[in-house]
Amino acid sequence: MISRTKCAVYYAPNDIRIEERELPAREPGGLLVETVACGLCTGEVMDWYMAKKAPFTPGHEIVARVIEGDGIAPGTLIALHHHAACGQCPTCLRGDDVHCGQWRSSRLNPGGLSERVVVPPEIATSDVVALSGNRTVESYVLTEPLACAIKSLRRARFEASDRLVIVGLGAMGLLHALVAQRMGARSIAGIDLNPVRLAFARDLGLAALDPTEGSDVNGDVVVVCPGSQSALDLGVSLSAPGGRVVVFTPLPPDDRWPVDAHKVYFDEISLIPSYSAGAAEFVEAVRMIEAGLPTERLVTHRLALDEVQRGYDLVREANEAIKVVIEL
Ligand SMILES: [Zn+2]
Ligand SMILES: [Zn+2]
């Protein structure tokens, strides 16, 4: 059966159109779903990253309802991941899902910012989690970004006895903070330049400081969320001896980072990149949300699909918008 869908199509940063597209038939083992909500990701306003994919339908923070599938009841509320690893190759067996050969080739059709989505069997079988429904859609829509924060802290071997410093208090920084709070971290300090974001973080119970106030804090783990050299430099400068600095966001492909290799060497600071998240963290994110992690507190804006351009403009401003959610 041929079906059509209304979806957002990204052509350029200021040219996101709402179009109608034909959907392919669902493959055996795959799913046809209707999107309930989709969060907008800060990665989707990294223009160099989007340019290589355009035109395409973005959106990978998805809560949906099953229309049709095998072994899953129509109407089931699910969180679904946009890529899936094979789960069997040596890369997958050591937990590095994002480096599995299948990871990037598996994809949703067309993407999360679409009324309907066709999910291929490789994602349907390994990276779709049925939700109990004990939390709101606004809580669940943070599943994918929460999974990325869980992976980042895991890669940094973060433990409750550690002091955590977070550079950048947007949605990703705050999700790291929520997880660390839940783990009972020894201390959590957040650093941001923007007074609106500092106030928002303080409302969540965080010690939020501007870079001048925060110049003396020390982290056993420092998570650097903004993709900029100055943020990375700040992160290294705030690392305690023996600390781990998470590079959470990429720099553009031609940028280089002249790291303070002297300090990195003598303080034995580990630089740990953390890209996306795999199936294990995705399941863990749902578990934490269903156990009451208050992710919905990060949702500041709810917009309709027709307003997606405005939604991305808000994300780009990086001011009062923490998490913008498109409700379908
Ligand atoms: Zn994202
Ligand atoms: Zn694999």
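The values are calculated or read from the model by the stated rules, or taken from the named source; none is laboratory data. Values in this document were obtained by computation on a predicted structure and should not be read as measured data. Reconstructed Cβ throughout: ideal geometry from the backbone, glycine too, with neighbour counts over all protein chains shown. Accessible surface is based on the protein model in full, side chains and every heavy atom, while ligands, DNA and RNA are left aside. Shrake-Rupley method; radii C 1.70, N 1.55, O 1.52, S 1.80 Å.
Can you tell me which residue in the range 131-165 is surrounded by the most Cβ atoms within 10 Å (Cβ to Cβ), limited to those that are basic (K, R) and part of a loop (DSSP other than H, G, I, E, B)? In this case the residue turns out to be R135.
Conditions (1) in the same structural domain as G39 (by TED's automatic domain parsing); (2) among the small types (G, A, S); (3) under 19 Å from the mean Cα position of the chain (by Cα), marked per residue:
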position	(1), (2), (3)
V165	no, no, yes
G168	no, yes, yes
L175	no, no, yes
V179	no, no, yes
P195	no, no, no
L198	no, no, no
L209	no, no, no
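For first residues located in the range 111-139 and touching a residue at least 24 places away in the same chain (Cβ under 8 Å), partners that are assigned to a helix (DSSP H, G or I) and of a type in the set (D, E) and lie 6+ apart or on another chain with Cβ distances below 7 Å form the pairs S132/E290; N134/E290; R135/E290; T136/E296; E138/E296; S139/E296. The residue that is farthest from H82 (Cα to Cα), counting only those in the range 93-105 that are away from ligand 1 (no atom under 16 Å from the Cβ) and in a loop (DSSP other than H, G, I, E, B), is R94. Beta carbons closer than 8 Å, at least 6 apart along the sequence or on distinct chains, pair a first residue in the range 188-214 that is basic (K, R) with a second that is open to solvent by less than 30 Å² (accessible area, probe 1.4 Å) and at pLDDT 95 or above for R197/L169; R197/G170; R197/A208; R197/I322; R202/A208.
Restricted to the range 106-130, and to residues there that are under 14 Å from T35 (Cβ atoms) and part of a loop (DSSP other than H, G, I, E, B), the residue that is farthest from the chain's Cα centre (by Cα) is E115. Under 8 Å by Cβ, and 6 or more places apart or on different chains, what pairs join a residue from the range 89-105 that is more than 15 Å from K151 (Cβ to Cβ) with one that is away from ligand 1 (no atom under 16 Å from the Cβ) and charged (D, E, K, R)? Taking only residues 6 or more apart or on different chains, the pairs are Q102/E122.
With respect to the conditions (1) more than 21 Å from L40 (Cβ to Cβ); (2) touching a Lys or Arg at 6+ places or on another chain (Cβ under 9 Å), L204 falls short on a single one, namely (1). Scanning the range 34-47 finds no residues that are more than 16 Å from ligand 2 (Cβ to nearest atom), in the same structural domain as R104 (by TED's automatic domain parsing), more than 22 Å from the chain's Cα centre (by Cα) and surrounded by 15 or more Cβ atoms within 10 Å (Cβ to Cβ).
Residue-wise test of (1) over 21 Å from L206 (Cα atoms); (2) touching a strand residue (DSSP E or B) at 6+ places or on another chain (Cβ under 6 Å).
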| residue | (1), (2) |
| --- | --- |
| P120 | yes, no |
| D127 | yes, no |
| V137 | yes, yes |
| V141 | yes, yes |
| S152 | no, yes |
| A156 | no, yes |
| A160 | no, no |
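Here P241 passes the criteria (1) in a strand (DSSP E or B); (2) out of contact with any helix residue (DSSP H, G or I) (no Cβ under 9 Å at 6 or more places or on another chain); (3) surrounded by fewer than 21 Cβ atoms within 10 Å (Cβ to Cβ) except the one numbered (2).
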